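Colleague: To start, I am sharing the structure in question, which I have written as structure tokens.
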Amino acid sequence: MLILTFPDYLQQAQRLAQALDIQVQQVHLHRFPDGESLLRLPTDLPDHVVICRSLNQPNSKLIELLLCAKTARKLGAKRLTLVAPYLCYMRQDISNHPGEAVSQSIIGSMLAELFDDVITVDPHLHRISRLNQAIPINNAISLSAADEIALFLQQQFTNAVLLGPDSESEQWVAAIAEKVGFEYSVAEKIREGDTQVNMRLAEFDFQNKVVIIIDDMASTGRTIAKATGLLLSAGAQQVYAVITHPLFCDDAETYIMQSGVQKIWSTDSISHTSACIYLDKLLAQAVNNIL
Ligand code: R5P
């Protein structure tokens, strides 16, 4: 078994390779001036190849994944496993307007055609409960970073209140709260546009409390910034944020910090300066379980 990765994901792939005690090799990647990608894979591939790369910045990475998987098959790989801790296009799970593409099932079907196994972490599943409803293969494996995040929080805080900024985050905040034994509350959010978020805190006494916002991803950062502002107005002593997938588009990080957050921590699902909660052991266990 060999791990294949791309230059931008080498550190995470190396950690996974070390946890599995196997080799990692890089795909040689060239981007032409017009945006097309040229890939070159090692030619001596084993039967089982694990492609390891998160799918943030999805449009170029999905094309590169397609090129990589098809080339790996051509070079003789019999079993292809995708380890993508962040899985893109999982949010658009229904057609809200006539003619709208249901990205979740389209991208899910594409991945099912390319891979024998897909392993990811806390995908944004809203109206479905199992990943194989989106990616129709037997080994569509959805892991949770709740244990890793809970352990990290236990090392940082003796007591705090966790806040889920919207109803969709309740699944993650409730699981983590149970593991650390902290109280939690869930706010109500209405997204009015890409960078417009309205929110209402639930009845809860945040006065003089240390509050940690828990969310699966931060994209524009507006959700975390809005929650922070409301919490500080409600008397919270300090506000922190822990996110699984630090997408951080454009000014997101600055925008969040300006809202008064003390610190943001995240998993290494995506490379970012806040990434300090490593997922390699969780991913390695999942790879070992499918062998
Ligand atoms: C949405 O339901 C997600 O759980 C996140 O809350 C959301 O994607 C964060 O987006 P943003 O950082 O753009 O507010």
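The values are calculated or read from the model by the stated rules, or taken from the named source; none is laboratory data. Owing to the predicted nature of the structure, the values given are computational and were not obtained by experimental measurement. Here the Cβ positions follow ideal geometry from the backbone for every residue, glycine too, while neighbour counts run over all protein chains shown. Ligands, DNA and RNA are excluded from the accessible area calculation, which covers all protein heavy atoms including side chains. Shrake-Rupley method; radii C 1.70, N 1.55, O 1.52, S 1.80 Å.
Colleague: Please verify whether the stretch 94-102 includes one or more residues that are under 16 Å from Ser269 (Cβ atoms) and open to solvent by less than 60 Å² (accessible area, probe 1.4 Å).
Modeller: Looking through the stretch 94-102, none of the residues is under 16 Å from Ser269 (Cβ atoms) and open to solvent by less than 60 Å² (accessible area, probe 1.4 Å).
Colleague: Moving to a separate point now. Filter the stretch 181-198 down to the residues that are assigned to a strand (DSSP E or B) and more than 21 Å from Glu253 (Cβ to Cβ) and list them by number.
Modeller: Glu183, Tyr184, Ser185, Val186, Glu188, Ile190, Glu192, Asn198
Colleague: Let me ask something else about it. Tally up the residues in the stretch 24-46 that are within 27 Å of Met90 (Cα to Cα) and open to solvent by 40 Å² or more (accessible area, probe 1.4 Å), please.
Modeller: 6
Colleague: Restricting attention to the stretch 47-91, report how many residues are open to solvent by 40 Å² or more (accessible area, probe 1.4 Å), in contact with a Lys or Arg (Cβ under 9 Å, 6 or more places away or on another chain) and either in contact (Cβ under 8 Å) with a residue 60 or more places away in the chain or in a loop (DSSP other than H, G, I, E, B) (or both).
Modeller: 1
Colleague: If you take the residues of the stretch 243-277 that are among the hydroxyl-bearing types (Ser, Thr, Tyr) and in contact with a His (Cβ under 8 Å, 6 or more places away or on another chain), which of them is nearest to the ligand (Cβ to nearest atom)?
Modeller: Ser266
Colleague: If you take the residues in the stretch 205-224 that are free of Cβ contacts under 8 Å to residues at least 40 places away in the same chain and near the ligand (Cβ under 6 Å from one of its atoms), which one is least open to solvent (accessible area, probe 1.4 Å)?
Modeller: Top of the filtered list is Gly221.
Colleague: Any residue that is open to solvent by 60 Å² or more (accessible area, probe 1.4 Å), in contact with a Lys or Arg (Cβ under 6 Å, 6 or more places away or on another chain) and closer than 27 Å to Gln285 by Cα - is there at least one of those in the stretch 114-122?
Modeller: There is at least one residue in the stretch 114-122 that is open to solvent by 60 Å² or more (accessible area, probe 1.4 Å), in contact with a Lys or Arg (Cβ under 6 Å, 6 or more places away or on another chain) and closer than 27 Å to Gln285 by Cα.
Colleague: Now a separate question. Checking Gln154 against (1) surrounded by 17 or more Cβ atoms within 10 Å (Cβ to Cβ); (2) over 30 Å from Ile106 (Cβ atoms); (3) more than 11 Å from the ligand (Cβ to nearest atom), which single condition isn't satisfied?
Modeller: Only one criterion is unmet by Gln154, namely (1).
Colleague: Tell me which residues, restricted to the stretch 80-108, are of a type in the set (S, T, N, Q) and farther than 17 Å from Cys68 by Cα.
Modeller: Residues satisfying the conditions are Gln92, Ser95, Asn96, Ser103, Gln104, Ser105.
Colleague: Has the stretch 189-198 got any residue that is away from the ligand (no atom under 13 Å from the Cβ) and surrounded by 17 or more Cβ atoms within 10 Å (Cβ to Cβ)?
Modeller: no
Colleague: Is it fair to say Asp216 is closer than 24 Å to Leu247 by Cβ and touching a Lys or Arg at 6+ places or on another chain (Cβ under 9 Å)?
Modeller: no
Every residue, every condition in (1) among the β-branched types (Val, Ile, Thr); (2) buried (at least 24 other Cβ atoms within 10 Å of the Cβ); (3) closer than 15 Å to Ala146 by Cα; (4) free of Cβ contacts under 8 Å to residues at least 60 places away in the same chain, yes or no:
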residue	(1), (2), (3), (4)
Leu230	no, no, no, yes
Val239	yes, yes, no, yes
Asp250	no, no, no, yes
Glu253	no, no, no, yes
Met257	no, no, no, yes
Gln262	no, no, no, yes
Trp265	no, no, yes, no
Asp268	no, no, yes, no
